[in-house]
Amino acid sequence: MLGLVLLNGFNVNLQNSSVIICKLYFYASFLFAALSPTVLILASIDRLLISSQNVDTRLYSSKRLAYFSISISTVFWIVFNSHALIKVNLQEFAPFYFVCYYDLSSTYLDFVSYFVAVNDVIFDVLMIVLCVFAFKNVRRIRSIPRETRNQIRSMTKKDFQLLRCLFVQDVIFIIFGTLTSIFYVFDAITKYQNGTIFEQAIRNFLYNFMSFIYSTSYSVNVFTFIIVSKAFRHELKRTIYKIIGKDLVPIREEENRQENHERDNVEMNVVSIIELPV
């Protein structure tokens, strides 16, 4: 994302200034583009396990399994995306004009195009499946009477809030990811077709627009947490007050006094409209 900001916002091409920066730029782009949705999928799987009514299934939701899964996924993507360190280099497109780009062989370009397209489609499908199953689990929990609900599940209020945040994140990723997936699939199919200048301009516009959408999907997470999670809003408020040197306890006491005062006013109004029997 930093590279896109420097390139599109300030027209700064750091990746064209050095071979090392060029390789690291593409490698980091491939790595984090795959690692971020992978972690989101693993978190969604964890919430899916803990929302299950089966006790044995809920036992799989543990920190140890989470650390192990994230470690294995990280190592896999680090090794798998190492092709960018080999095949990406400063390519000379004109005399004394070097651009950081992939190896110009058609085989590697086909590999990159189809890998990006297939990878995005797989991520989107997994997100949709996990969202559907998590939504079904929550509906089953909501349909159980409140008296017996605590006997068959171990989800706390924070678990529900985290599940809600992840559900919204998954929906956002699916919406933005589906658009980019459609574009990458279309780009992989039609990349060897020669178009007019107008068609090439549209293609470049769509590429820049999809890059913006792709970056936006990772930028709205903090706003999602603020809107969806009450606990996150409270922690954010507490952090802000701690930075500016104010104590949050008196503020919370003042809010509680205001809530109690409003509740007393409501009770007084209710009592005042009750007619005593004659």
Of all residues being polar (S, T, N, Q) and surrounded by 13 or more Cβ atoms within 10 Å (Cβ to Cβ) in region 81-135, which is farthest from VAL168 (Cα to Cα)? Just the residue, please.
GLN91
Looking at region 150-159, which of its residues are part of a helix (DSSP H, G or I) and either modelled with pLDDT of 75 or more or surrounded by 15 or more Cβ atoms within 10 Å (Cβ to Cβ) (or both)?
ASP159
Among the residues that make up region 64-85, is at least one of them within 30 Å of PHE167 (Cα to Cα), part of a loop (DSSP other than H, G, I, E, B) and either modelled with pLDDT of 80 or more or not assigned by TED's automatic domain parsing to the domain that holds LEU162 (or both)?
yes
Can we say VAL79 is more than 26 Å from CYS131 (Cα to Cα) and of a type in the set (A, V, I, L, M, F, W, C)?
yes
Inspect all residues belonging to region 114-124 and state whether any of them is acidic (Asp, Glu) and under 20 Å from the mean Cα position of the chain (by Cα).
yes
Tell me yes or no: at least one residue of region 173-192 is in contact with a Pro (Cβ under 7 Å, 6 or more places away or on another chain), of a type outside the set (Ser, Thr, Tyr) and in contact (Cβ under 8 Å) with a residue 60 or more places away in the chain.
yes
Considering only residues of region 198-220 that are at pLDDT below 80 and among the aromatic types (Phe, Trp, Tyr), which is nearest to ASP120 (Cα to Cα)?
TYR214
Residues in region 129-141: is at least one of a type in the set (Lys, Arg) and at pLDDT below 80?
yes
Only one of LEU162, LEU166 that is at pLDDT 80 or above, buried (at least 19 other Cβ atoms within 10 Å of the Cβ) and out of contact with any Phe, Trp or Tyr (no Cβ under 8 Å at 6 or more places or on another chain):
LEU166
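The values are calculated or read from the model by the stated rules, or taken from the named source; none is laboratory data. Since we're looking at a predicted model, the values are computed, not measured. Reconstructed Cβ throughout: ideal geometry from the backbone, glycine too, with neighbour counts over all protein chains shown.
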